[in-house]
Amino acid sequence: MTAEHADAARSGDRSGATAGNAAGFAGSSSGVHEIFDPRRRSDPYPLYRALREAARCHWLSAASPRLGVITRHADCVGALQEPVWGHVPMETSAFRPVTEQDEGLRSMLRANPPTHTRLRRLVSRAFTPATIARFRPMARALSVELLDAAADHDEVDLVEAFARPLPLRVICSLLGVPARDEKVFGAWASALTRGLDPDQVLDPVERAQRTEATRAFAEYFTELIARRRAEPADDLLSDLIAVQEQGDRLSVTELLDICVLLLVAGYDTTVNLVANAVLALARDPGQYAALRADRELVPAAIEETLRHDPPVQWTGRTALADTELAGQTFQAGDGVVLVAGAAHRDPEVFTDPDRFDITRYASSTVPAPRHLGFGHGLHYCLGAPLARLEAETMLTALLDRVTRLEVTAEPTYRPHLAVRGVEALRMRLTIR
C-alpha cells in the first residue's frame, strides 16, 4: 500500500508524556498542535474539520525552516502533483532533528527525479500485475482458514485473528521469507512504521527500536540477497535482483531499501485498511447487509474505506524552491504536512463527507472525486494493486462466511500517527 508517509507527526494514547513531546514543534497556531494529543487518536476527524474550516494553512513551526499543515483537498492535490514539492535529506528537513544514529525508511519514498524515476522504472519491471495476481489463490485460501479458526470462538480480536496474519503471510511470501520468520518480520514492521513519525514525538525506546529493526532487517536481507544471487527462487526478491535495463541494476543498498519499503507499505497499511473496513461495516449493519447482497460493491467499499478512514493519515513534502501553497509563501526548505484524513472529508469536494457510503465509488458514469489513500502524482503507491487484491479477497471471504458483525468493545489504536490503525478490535462473528 502507499508509503509516502515518512514525513509526518504523531498521535497516540499511551501517556501524557507523548502529548508533551509535541512541544518540539514550537510556534503552532489555531490548535493544530492538538493533532499530537493522545486523546485525538481514536477519532481525529472533528479536529481535522475545525482546522480545515479555520484556515487553509496552519503553522506548526514558525522558526526556519517552517512547517505548515494543509487540510483542504485542492491544496493537498496541488502539492502532491507539483514537482516543486519533494524531499530533502533528513539532516536539512523541517520534519525532525536527525541524530547520528538516525535510521529508517528511505529508497523511493524519499527520492526525487531522476533518482526516483530510475528506481521506480526498475522495480516496476519486476513488480508486475502478473506477480501480484498469483497471490490471489493464497489470499483466498488463507482467508477461509483464518475465518474457520475464528468460528471456534465466541469472540475474537479481528486484527490478530484475521486482518494481520494474511497480509504478513503474503508480503513474506512475496519477498521469499520463510513462514518461520514471519513473527519477527511483523515486529520489525511495527517498529519501522512507528519510526516514520518524527523524532520530536518518539521516545528514546521507540527510536532505539527503529534503529534495531532497521539493522536487523538489513542483516537478514543482505544474507538473503546473497543466497538469491547464487540460487534464484520464484519470488519478487529474485526478480528484483535479476531486473536490468540497458545494463542498469539495483544495488544491494537499493534492494535493501526497497524490501523495507515493501514490508511497511505492503503489510502494515493493508492490515489497517482491512480492520478499518470491517469496523465501519460493523457500525453500519445496513451497509454490511447491502454488501452481502451485492458483492460487486466490494471494490467500491475498499475505495470508500481509503477515503473515509485512511490508514495513511498524512504525508510530508519539502519546498525545493520558493513557492506558494494554500495562500501562503513558502521558502525553499520549508515543509508541509498534507493531511489526507482531512482532505478526504472536504465538503467542497465530497458530498456528505463524514458518512461511510459503500456506493460512493460504485458508479462508472459519475465517478467520485479521487481520494489520496494511495498518494498522488509521481509517488503514487506501486503496491496499490496488491493492497486492493488482499483487501477485496479478505472482505469477500468475510461476506461469504459471516452474516453479522458485532463490536463487543471499543477498539484500541496503535501509538502510530502517520500510519494510523486499530490495535485491537474485539468482535463477535455470526458464522453461516
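The values are calculated or read from the model by the stated rules, or taken from the named source; none is laboratory data. Values in this document were obtained by computation on a predicted structure and should not be read as measured data. Backbone-built Cβ (ideal geometry, glycine too); neighbour counts: all protein chains shown.
Looking only at residues that are out of contact with any Leu (no Cβ under 8 Å at 6 or more places or on another chain) and under 17 Å from V77 (Cβ atoms) in the stretch 328-338, which one is surrounded by the fewest Cβ atoms within 10 Å (Cβ to Cβ)? Don't jump to the end; show me each part of the working.
Of the stretch 328-338, the ones out of contact with any Leu (no Cβ under 8 Å at 6 or more places or on another chain) are 328-331, 333.
Applying the additional criterion that residues be under 17 Å from V77 (Cβ atoms) yields 328, 330.
Details: Q328: 18, F330: 24.
Per the stated criteria, the residue is Q328.
Got at least one residue in the stretch 220-228 being without any contact (Cβ under 8 Å) to a residue 60 or more places away in the chain, within 22 Å of the chain's Cα centre (by Cα) and under 19 Å from L168 (Cβ atoms)? No, the stretch 220-228 contains no residue that is without any contact (Cβ under 8 Å) to a residue 60 or more places away in the chain, within 22 Å of the chain's Cα centre (by Cα) and under 19 Å from L168 (Cβ atoms). Would you confirm whether any residue within the stretch 99-121 is at pLDDT 85 or above, farther than 29 Å from W59 by Cβ and hydrophobic (A, V, I, L, M, F, W, C)? No, the conditions are met nowhere in the stretch 99-121.
Every listed requirement among (1) in a loop (DSSP other than H, G, I, E, B); (2) in contact with a Pro (Cβ under 7 Å, 6 or more places away or on another chain) is met by L146 save one, (1). Taking into account only those residues within the stretch 268-277 that are of a type outside the set (D, E, K, R) and touching a Ser or Thr at 6+ places or on another chain (Cβ under 9 Å), which is surrounded by the fewest Cβ atoms within 10 Å (Cβ to Cβ)? Filtering the stretch 268-277 for residues that are of a type outside the set (D, E, K, R) and touching a Ser or Thr at 6+ places or on another chain (Cβ under 9 Å), the one surrounded by the fewest Cβ atoms within 10 Å (Cβ to Cβ) comes out as N276.
Which one is surrounded by the most Cβ atoms within 10 Å (Cβ to Cβ) among residues in the stretch 278-327 that are over 19 Å from L158 (Cα atoms) and acidic (D, E)? Top of the filtered list is E304.
Scanning the stretch 235-245 for residues that are under 27 Å from the mean Cα position of the chain (by Cα) and assigned to a loop (DSSP other than H, G, I, E, B), we see that the one that is farthest from A126 (Cα to Cα) is D235.
Taking the criterion of being touching a helix residue (DSSP H, G or I) at 6+ places or on another chain (Cβ under 7 Å) and within 20 Å of A280 (Cβ to Cβ), the residues of the stretch 357-388 that qualify are D357, I358, T359, R360, Y361, A362, H371, L372, G373, F374, A387, R388.
Reported count of residues in the stretch 36-87, each being among the hydrophobic types (A, V, I, L, M, F, W, C), touching a helix residue (DSSP H, G or I) at 6+ places or on another chain (Cβ under 8 Å) and in contact (Cβ under 8 Å) with a residue 60 or more places away in the chain, is 10. Residues in the stretch 128-186 that are surrounded by 14 or more Cβ atoms within 10 Å (Cβ to Cβ), touching a Cys at 6+ places or on another chain (Cβ under 9 Å) and hydrophobic (A, V, I, L, M, F, W, C) were compared, and the one that is farthest from E231 (Cα to Cα) is F185. Annotation note: of R49, R72, R66, R56, the sole residue that is among the charged types (D, E, K, R) and at pLDDT below 95 is R66. Taking the stated definitions as given, is P353 without any contact (Cβ under 8 Å) to a residue 60 or more places away in the chain and surrounded by 16 or more Cβ atoms within 10 Å (Cβ to Cβ)? So P353 fits the description; yes. Identify all residues within the stretch 387-413 that are buried (at least 18 other Cβ atoms within 10 Å of the Cβ) and not in a helix (DSSP H, G or I); write none if there are none. Listed by number, the residues that qualify are V402, L405, P411, Y413. I need the full set of residues from the stretch 192-211 which are touching an Asp or Glu at 6+ places or on another chain (Cβ under 9 Å) and either buried (at least 20 other Cβ atoms within 10 Å of the Cβ) or acidic (D, E) (or both), in order please. If the condition is that a residue be touching an Asp or Glu at 6+ places or on another chain (Cβ under 9 Å) and either buried (at least 20 other Cβ atoms within 10 Å of the Cβ) or acidic (D, E) (or both), then L192, T193, R194, G195, L196, D197, P198, D199, E206, R210 are the ones that fit.
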